[in-house]
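Quick notes on the structure that follows.
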């Protein structure tokens, strides 16, 4: 059975319009292609002083010395033995592998030479190896085909999809295989089983048959396409394709952020998802993320909610802030068949924006710590206390600005040249303090320090070691030599060429 929810039009667009002195929303971009483009200004050196609350800036690492925009995109983490690493994707500057064991002194240990865009990252352990996916949003292009990953995998400029890379030795990343997706990979999402990757192409207004493609990656040298899962087509919208996917912790639910809609699937069988419900909310301009959070009420029962981000206008240059906000839905129990909107939250920054992007973007929820981090492009990085989601009651018309609908901002930091794509942390202390890592289109890699709650203790977040058990604590890990991989790579390339010619 599949049900659909159409949220009542709320007062949110009026709030956005009043900030800029008008009600009309900016039109979204027509396609993602190579990913978002930096809209903020940049000098030869990044700004060193910014403005914040309960946060300070610790370090900046640039990906090249060009003096141009650094093109940072998404970010993930891995712990190998006693070392912590950030995996920072970029728009055509390769995967930046950064040692953050000492967060005050981040050090790049390698760059996976794969000149593709947008470089979204997932990382997981497969037996004695540590693997990651790295995405090409659109074709790999001539530069991608000429870079090391293109040569290793014999890619052509017209190829589109996702590269799998072996990161078992972080200083020596190696290409493994390529997952072809004709319409490109805006993002790949790993099922919690570690066996399947789900592709989001995020194409706008290009297809009346949107879908999510599933790959079986249990053999990373020879991944197999499982099937395409059809999504509903939303007529008279900017598009119906998946932009991002999130899973419940046990993997039995999938939440698809699909531009004009959010979809909930039963993924008890990850090879054959079954659609349960659909949210079409006219107050959301671009559904960017739809992330679940399970939070405990005072009586000991559990509540499940969805936090949906609105990447208003597809991250086009803005006339005003706060841009698109966070839309909260209750999906507890049978409500997941007919989700109920709790309200909408915005950062407390109602200002005129001189052309730089201002809207919500990549977030991460930390349910056990009842916290959230989020990047807001030109408005930098933000930290939220989400403990109030356990009991909040609201409606589609409920609005929180800095505080409300169960969430409150407890920290932020922004520079004049901020254009931050993603902001996450891999470790949280009992007092809620942490070092947060931002990946910025303009600035590159930034490290921030959040001072914590002071009056509140939380369950610590500790990085999970995904190093091979036999070699934890060393950098000389069991790595299949490239010479061993070459026969398989050549065979795969020949098969792909045959399929093209056929």
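The figures follow:
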quantity: Estimated [θ] at 222 nm from DSSP helical runs (n ≥ 4, -39500 (n - 2.57)) normalised by residues in the chain, nearest 500; calculated: -2500 deg cm²/dmol
quantity: Cα→Cβ-extended label distance, 7 Å offset, between residue 224 and residue 271, nm; calculated: 0.7
quantity: Ranking of 90, 262, 351 by count of other Cβ atoms within 10 Å, fewest first; calculated: 351, 262, 90
quantity: Inter-label distance, nm, simple model (7 Å from Cα along the C-beta direction), residue 338/residue 56; calculated: 5.3
quantity: Region 154-261, relative contact order [Cα under 8 Å, separation at least 6], %; calculated: 21
quantity: For region 334-372 versus region 128-189, the gap between their alpha-carbon centres in whole angstrom; calculated: 31
quantity: Fewest-first ranking of 48, 93, using other Cβ atoms within 10 Å as the exposure measure; calculated: 48, 93
quantity: Between region 266-310 and region 219-237, the alpha-carbon center distance in angstrom; calculated: 19
quantity: Highest average packing first - 187-198, 230-241, Cβ atoms within 10 Å; calculated: 187-198, 230-241
quantity: Two-decimal Rg to Rh for region 409-457 - Kirkwood Rh, Cα set; calculated: 1.02
quantity: By average C-beta atoms within 10 angstrom, highest first, the peptides 441-447, 458-464, 108-114, 375-381; calculated: 375-381, 441-447, 108-114, 458-464
quantity: Region 217-364 shape via C-alpha gyration tensor axes, a/c threshold 1.5; calculated: oblate
quantity: Relative contact order [Cα under 8 Å, 6+ residues apart], the chain, whole percent; calculated: 18
quantity: Region 322-451: Cα Rg divided by the 2.2 N^0.38 Å rule of thumb; calculated: 1.07
quantity: Fraction of antiparallel bridges per DSSP, region 3-501 only, in percent to nearest 5; calculated: 95
quantity: Separation between Cα centres of region 56-107 and region 377-406, rounded to whole Å; calculated: 29
quantity: Residues 266, 166 arranged by fewest to most Cβ contacts within 10 Å; calculated: 266, 166
quantity: Alpha carbon convex hull of the chain, projected area averaged over orientations, nm²; calculated: 22.0
quantity: Cα convex hull of region 116-261 - mean projected area over all directions, nm²; calculated: 8.6
quantity: With 5 Å bins from 0: P(r) over region 274-335, alpha-carbon pairs, percent; calculated: 4, 15, 22, 20, 14, 11, 7, 4, 1, 0
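Laboratory data are not the source of any read-out in this text; all were calculated from the coordinates shown. Just so we're clear, the structure is a prediction, and the values are computed from it rather than from any experiment. Here Cβ is always computed from backbone atoms with ideal geometry, including for glycine, and neighbour counts include all displayed protein chains.
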